[in-house]
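Here, each number is a calculation from the coordinates, and none is a lab measurement. Treat the numbers as computed from the prediction; the structure is a model and nothing was measured. All Cβ positions, glycine included, derive from the backbone under ideal geometry; neighbour counts span all protein chains shown.
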Amino acid sequence: PVANQQSTGGNLRDRPEGFRRPREVESVFKEVHLHGVFSAEGVDWRRQRRLAVTALNSNRLHSHFHIVRTAGERLRLRLRAAAREGRPIEIQRELTSYTVDITTALAFGVDVNTLERGEDELQRNIQFAFEMLGRRVLLPIPYWHWVQLPADRRLKRALAALEVAVGEFIDQARRRLGQHPERHREPTN
């Protein structure tokens with residue numbers, strides 16, 4: 001940890017002045033309109049972090065524990081079944097599903113349950129998008145600015161489909177909010 005702090009010029013407590021992510025993270029995520037607290041830096045990071053911290057304060061987290069517990073139990077059952085059957089798993093995909101299930105439930109109030117539903121279009125698009133974004137962050141030259149490979153075109157389609165899905169989640173949340181106006185003062189997500 002000490003070597004890490006010295007090599008990065010600081011630690012996470014020094015954010016955003018003394019510690020930052022690689023510059024490519026912010027630029028790649030901005031390009032595809034997925035810029036948020038996990039890719040922001042500087043003043044933008046401070047503003048977004050304040051919103052995230054407010055949304056995830058201990059009082060709110062306590063009321064959402066059942067979401068994390070449910071997703072954790074689903075993941076445990078999937079891993080146990082794979083072990084019992086001697087079936088190999090792709091742990092990154094399992095953990096992505098786990099994260100998607102929790103994030104979607106917390107942010108939109110929707111239980112997409114990708115852990116039990118298995119691989120579907122939503123899950124494939126999310127997995128592919130993050131694989132491509134991770135690849136782009138590591139590439140020394142942003143070739144996709146000049147040449148669109150089949151994978152880049154597929155990324156555009158995946159991101160468009162994800163935008164539609166998120167729009168539907170937001171519409172559902174707005175309908176629920178319309179049915180329960182008291183949630184304007186104390187939202188559940």
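Could you calculate the FRET efficiency of Asn57 with Lys156 from 1/(1 + (r/R0)^6), where r is the beta carbon distance between them and R0 is 41 Å, rounded to 0.05? After rounding to 0.05, the efficiency reads 0.65.
Under a model in which nothing but the beta-carbon of Lys, Arg (+1) and Asp, Glu (-1) is charged, the chain shows a dipole of about 260 debye around its Cα centre.
Report the extension gain between Asp120 and Arg174 in nm, rounded to one decimal, defined as 0.36 nm multiplied by the number of residues separating them, less their alpha carbon distance. Kindly include the intermediate steps, with their values, before the conclusion.
Values: separation 54, 0.36 × 54 = 19.44 nm, distance 2.49 nm.
Answer, rounded to one decimal: 17.0 nm.
If you wrap the tightest convex hull around every Cα atom of segment 87-189 and split its volume per residue, you get 136 Å³.
From the mean inverse distance of alpha carbon pairs (Kirkwood) and the Cα radius of gyration, derive Rg over Rh for segment 56-136.
Numbers: Rg = 13.7 Å, Rh = 13.6 Å.
A ratio of 1.01.
The fraction of Cα-Cα pairs per 5 angstrom bin, counted from 0 for segment 10-124, comes to 2, 10, 15, 16, 16, 16, 13, 7, 3, 1 percent, rounded to whole percents.
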